[in-house]
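No value in this document is a laboratory result; all are computed from the given coordinates. Quick caveat, the model's predicted, so the values are computed rather than measured.
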Amino acid sequence: MPIRLEDARSLVSQLSSRSNTSLAGFPALETSGLFPIESIYFVLHFDQSPKPSVHHAMDAAKLQQLKQFIDQCKSNPSILTDPSLSFFRDYLESIGAKIPPSAYDPGESASNRSKSFVVDESDDDMEDIEDEPQPQGTAEEEDESEIIESDVELEGETVEPDNDPPQKMGDTSVDVTEENRDASQEAKARAIEAISEGKLEDAIEHLTEAILLNPTSAIMYATRASVYIKMKKPNAAIRDANAALEINPDSAKGYKSRGMAQAMLGHWQEAAKDLHLASKLDYDEEISAVLKKVEPNAHKIEEHRRKYERLHKEQEEKKIERERQRRRAEAQAAYEKAKKQERSSSSRGPGGMPGGFPAGMGGGFPAGMGGGFPGGMPGGFPGSMPGGMPGNIDYSKILKDPELMAAFKDPEIMAALQDVMKNPANLAKHQGNPKVAPIIAKMMSNFAGPK
């Protein structure tokens, strides 16, 4: 039978007013796990020795109800978070009890768990936790993600690449006889006639014959390339156009054929470049017509490329800046921690630097040096000074050296010096730092004292 709320209130009231309540019938309280056992003793303050003068018997029915309530709490600790039981939680808090974490809804925010019923930390520890600076992340870190490039909307028809075996090419190193030149021209004439009749395959055969007879003629390759374009074989056309341009780098027909072939493959920027060169060498209306279709796509692609180059560059710059800020935050945190340790050691009494620093130093350099040299030099500075700092340090040089005074205000340098003080073996990892190494070397020379 569930315990009634008013009975629970009454029982808590009785427990609050009585210092001696019998444990009989309450073994479950000791093993319930709901509260620490010491808290149960605080709740009931059991005393099994009979004290007639102050002992008051409790109602057996209410004791039974209390056992039932404890059983309910064991099976469902979230009962304790019910607002109607706030009076009970307040009572538990007053005697140092602790509500188990399992009583709270996993989704409940930490801010709603407003009360912690057991606190056993010293004020100094809490101050360290509250004051220690933490490097902060940035929104850019959370938002950083890979840049996904969008597609460019282009216009114009393209064709599937042709994958035929390469056509026959002539040997450009041979000496061409006059007889072969004439025969080559005759073959070319037959090819032109076949083109006019729409017999493109025949035209290719005649032009191949002309090329083999005179492989040094750029116009023969360029003409065959133009026929391949009519046959919608852009890759074959590009091979012939390249051959023509190798023989004659100023072949307008070679650039024109290659540009038109690139456009057929959707290589808009390459097509625009070749067609512009062809137009400069020998302008014609066909080149102009193709350029009007090619240039808009070429411009879109170029703008798209520049846009994402800029975005990638900006992302990289932000990444570098975040890393710089992170390093600065870490150095600042180390510096603040060193200052805190210095204050802590100073507040606990004099000590100075073991091995030769006078006790009046208070464990560090004077406050005028940008926060002091934290913590003293444990065990001595590394190098030629093992086992403690020498007693003949020339402090005047350190205090009058503007470079050292400025360095002591730099969080990165102070963090490095603190690192070396904690463990002299760490000196090696700072020797490669051009900012820190000269300061350490200069300090070591001052530590050597006047000769």
Checklist line | 22 Å Cα-Cα reach of LYS318 towards lysines, excluding residues that sit fewer than 8 places from it in its own chain | finding: LYS307
Next item on the list: Check cross-link reach from LYS199 to the lysines: straight Cα distance under 18 Å, and skip same-chain residues fewer than eight apart.
Entry: LYS188, LYS230, LYS232, LYS233
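I need to check one value: relative contact order of region 151-288, counting alpha carbon pairs closer than 8 Å and at least 6 residues apart, in percent. Intermediate values should be presented prior to the final figure.
Details: 202 pairs, mean separation 29.8, N = 138.
This gives 22 percent for region 151-288.
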